[in-house]
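Notes to accompany the following structure.
Please treat every number below as a calculation from the coordinates, not as lab data. Just so you know, these numbers come straight off a predicted model, no measurement behind them. FYI the Cβ positions are ideal-geometry reconstructions off the backbone, even for glycines, and counts take in every protein chain you see.
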Amino acid sequence: GCVQAAPDQLSATFRAQSQDKSAAAAQQAVNAQIKHATEMAAKATGVTTAVLRYSVFESHPDKAAAFWTAQQVLTLTAGNGQTLLPLAGQLQASGLLLEQLDWSLSTPRHQALFLEAEKNAIADLKKQADVIAASLGLHVARFVHVSVSEQSSGRPMPMMLMPAARRADGEVLPPSSSAAAPTV
C-alpha cells in the first residue's frame, strides 16, 4: 500500500569553508562563519539548527605554497520555506555555500503515513484474497502469515546550488524551492 502527501519540512545544508597558510587562521574563519550563521538562525522562528562535520586538511598543490582548508557543515530545518528560504539567502550572501535544499517528511508525519499505507496494503490484500478464494469456490477464514516492510522510495538527489544572486540594486535573492509529494 502507498499514500502520497505533501512534505512538511524543508532542510538546507550549508558549508562554511576557509583556506589559509595557517591552520589556526583557517579554523578561526570557519568558526566565525558558523557562529554568525547560528546567531542568525536562532532569530528565525521555527528553524532547527544542527552544526555537524568539522574537518581540516592540508593541501600541497604543484609548485605552490601549501595551504590549510577548514570546513564545517550546518543544517537548518523548518516546517516551511517562508521562514527558511529568506534565511538561506542571507546565509549565502554572508559567504556560506548552500550545498543542498530538500523537502522531506518529518519523522512523525512519515510514521503516520506509513501506518496509513499499511492499512491500505492490508485492505488490498484482503480484497485480493477474497476475489481469489471466491473464484475457487472458497472463502478466506484467516491469514496465517502477513509480512509488512517498508520499501525504500529512493533518496532525493542532492542539487548543487550557486551562491546567492544579487540584483542590480544590491538586494540578495533567496533560493527557491517547491515541494513535491513523496510516496510512502
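Within a straight-line Cα-Cα reach of under 28 Å, K119 can be paired with the following lysines, leaving aside sequence neighbours fewer than 8 residues apart in one chain: K127. When the trypsin sites (Lys or Arg not before Pro) in segment 1-74 are filtered for DSSP coil states and for at most 11 other beta-carbon atoms within 10 Å of their beta-carbon, the remaining sites are K21, K43, K63.
Filter the chymotrypsin sites (Phe, Trp or Tyr not before Pro) in segment 79-150 down to the DSSP loop ones having no more than 16 other Cβ atoms within 10 Å, then list what survives. Counting only loop positions with at most 16 other Cβ atoms within 10 Å, the chymotrypsin sites (Phe, Trp or Tyr not before Pro) in segment 79-150 are F143. Rounded to the nearest 20, the size of the Cβ-charge dipole of segment 72-135 about its Cα centre is 140 debye, with Lys and Arg at +1 and Asp and Glu at -1. Taking the Cα of A180, stepping 7 Å toward and past its beta carbon, and measuring to each backbone N in segment 82-109: which are under 15 Å? Residues 101-105 qualify, since their backbone N sits under 15 Å from the label point.
Computed FRET efficiency, Cβ-Cβ of A134 and N80, R0 35 Å: what is it to the nearest 0.05? Computed FRET efficiency for A134 and N80 comes out at 0.10.
Candidate cross-link partners of K35 among the lysines, defined by an alpha-carbon separation under 19 Å and a same-chain spacing of 8 or more, comprise K43.
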